[in-house]
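Accompanying notes for the structure given below.
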Amino acid sequence: MSTIVAPSLLSANFLNLEKDIEMLNRSEADWIHLDIMDGVFVPNISFGFPVTNLLKKITKKTLDTHLMIVQPEKFINEVKETGSTYMNVHYEATIHLHRVVQEIKNHGMKPAVTLNPHTPVSFLDDIISDLDMVLLMSVNPGYGGQKFITNTLKKVSQLKELILQRNSTALIEVDGGVNLETGKMLVDAGADVLVAGSFIFSSENPEELIKELKAL
Ligand code: DX5
Ligand code: ZN
């Protein structure tokens, strides 16, 4: 299976989102990663549902929503409305994670749990069998363009081991500071999905970079 590439719209040109979505539609990108922030769970605010609801009209790519908000359980209906296939909730942002994961499934979406850089992979022991994906943050969430935290490579290997032990089918996604160099190390360690924002959108030729990330 080639690497799944999920460009993060956070680094797109918000004054001309349609143009960037058209570029992604033409590209080999598999998914589009949508970063929703609340200014509480993370020290920044991005875009919300009025924006993401418009995107499904202009793209056929799989939507992967990453909620960097407290109490993500309050917004399951809203995420469903965006047409998202994956709903990522942070381990650190909800008390009743098991309940939220079941609710996401009941709404016909695939549940994914996101871990901040300091949260150990072992905390997923009792939930991994219920998940379609785990998202490992390789930067502290809230901003694009940050430096990759290399400890993530160890976490990818640990997660791969846990997934194999439990016969889980969960994908391993990594988000933050991904470029061709860090992306290669991540794929070698066992990552299935690479999220990349600034690396793709700051390029003169984003379609080519997407192609290169896919080939890692
Ligand atoms: C950060 C977001 C990321 C962000 C990644 O909190 O979750 O998805 O867009 O940006 P880069 O790829 O620039 O690190
Ligand atoms: Zn993200």
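The values are calculated or read from the model by the stated rules, or taken from the named source; none is laboratory data. In this text, all values refer to a predicted model and were calculated from it rather than measured experimentally. So basically every Cβ, Gly included, is an ideal-geometry build from the backbone, and we count neighbours across all protein chains shown. The accessibility values were calculated without ligands, DNA or RNA, using every heavy atom of the protein model including side chains. Shrake-Rupley method; radii C 1.70, N 1.55, O 1.52, S 1.80 Å.
Could you tell me whether any residue of region 24-32 is assigned to a helix (DSSP H, G or I), open to solvent by less than 20 Å² (accessible area, probe 1.4 Å) and modelled with pLDDT of 95 or more?
At the first step, the residues of region 24-32 found to be assigned to a helix (DSSP H, G or I) are 24-26.
Next, only the ones that are open to solvent by less than 20 Å² (accessible area, probe 1.4 Å) stay: 24.
Next, only the ones that are modelled with pLDDT of 95 or more stay: 24.
So far as region 24-32 goes, yes, one or more of its residues are assigned to a helix (DSSP H, G or I), open to solvent by less than 20 Å² (accessible area, probe 1.4 Å) and modelled with pLDDT of 95 or more.
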So which of ASP20, ASP35 ends up being within 29 Å of GLN71 (Cβ to Cβ) and either open to solvent by less than 40 Å² (accessible area, probe 1.4 Å) or in a loop (DSSP other than H, G, I, E, B) (or both)? ASP35
Verdict on VAL40 being over 16 Å from the mean Cα position of the chain (by Cα), more than 16 Å from ligand 2 (Cβ to nearest atom) and either surrounded by 15 or more Cβ atoms within 10 Å (Cβ to Cβ) or part of a strand (DSSP E or B) (or both): no
Long-range neighbours under 8 Å by Cβ, at least six apart or interchain, first residue open to solvent by 20 Å² or more (accessible area, probe 1.4 Å) within region 136-149, second within 6 Å of ligand 1 (Cβ to nearest atom) and of a type in the set (S, T, N, Q): ASN140/GLN146; GLY144/SER8; GLY144/SER11; GLY144/SER198; GLY145/SER11; GLY145/SER198
Can you give me the ranges of the helices (runs of 4 or more DSSP H) entirely in region 114-216 with at least 1 residues that are under 30 Å from GLU22 (Cβ atoms) and away from ligand 2 (no atom under 15 Å from the Cβ)? 180-189, 206-214
Taking VAL42 and the conditions (1) touching a residue at least 40 places away in the same chain (Cβ under 8 Å); (2) of a type in the set (A, V, I, L, M); (3) out of contact with any strand residue (DSSP E or B) (no Cβ under 8 Å at 6 or more places or on another chain), which numbered condition does it fall short on, given that it satisfies the others? (3)
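Given the residues VAL121, VAL156, VAL174, which is the only one that is free of Cβ contacts under 8 Å to residues at least 60 places away in the same chain, more than 22 Å from ASN25 (Cβ to Cβ), among the β-branched types (Val, Ile, Thr) and within 15 Å of ligand 1 (Cβ to nearest atom)? Show your work before the answer.
Values: VAL121 fails: within 15 Å of ligand 1 (Cβ to nearest atom); VAL156 fails: within 15 Å of ligand 1 (Cβ to nearest atom).
After applying the criteria, what remains is VAL174.
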Could you list, ordered by first residue, the pairs with Cβ atoms under 9 Å in which the first is in region 75-99 and over 14 Å from ILE36 (Cα atoms) and open to solvent by less than 50 Å² (accessible area, probe 1.4 Å) and the second is among the aromatic types (Phe, Trp, Tyr) and within 14 Å of ligand 1 (Cβ to nearest atom), at least 6 apart or interchain? THR85/TRP31
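Looking at LEU115, LEU63, can you tell me which residue is aliphatic (A, V, I, L, M), over 26 Å from GLN165 (Cα atoms), within 15 Å of ligand 1 (Cβ to nearest atom) and under 15 Å from the mean Cα position of the chain (by Cα)?
Working: LEU115 fails: over 26 Å from GLN165 (Cα atoms).
Sole residue among the options that is aliphatic (A, V, I, L, M), over 26 Å from GLN165 (Cα atoms), within 15 Å of ligand 1 (Cβ to nearest atom) and under 15 Å from the mean Cα position of the chain (by Cα): LEU63.
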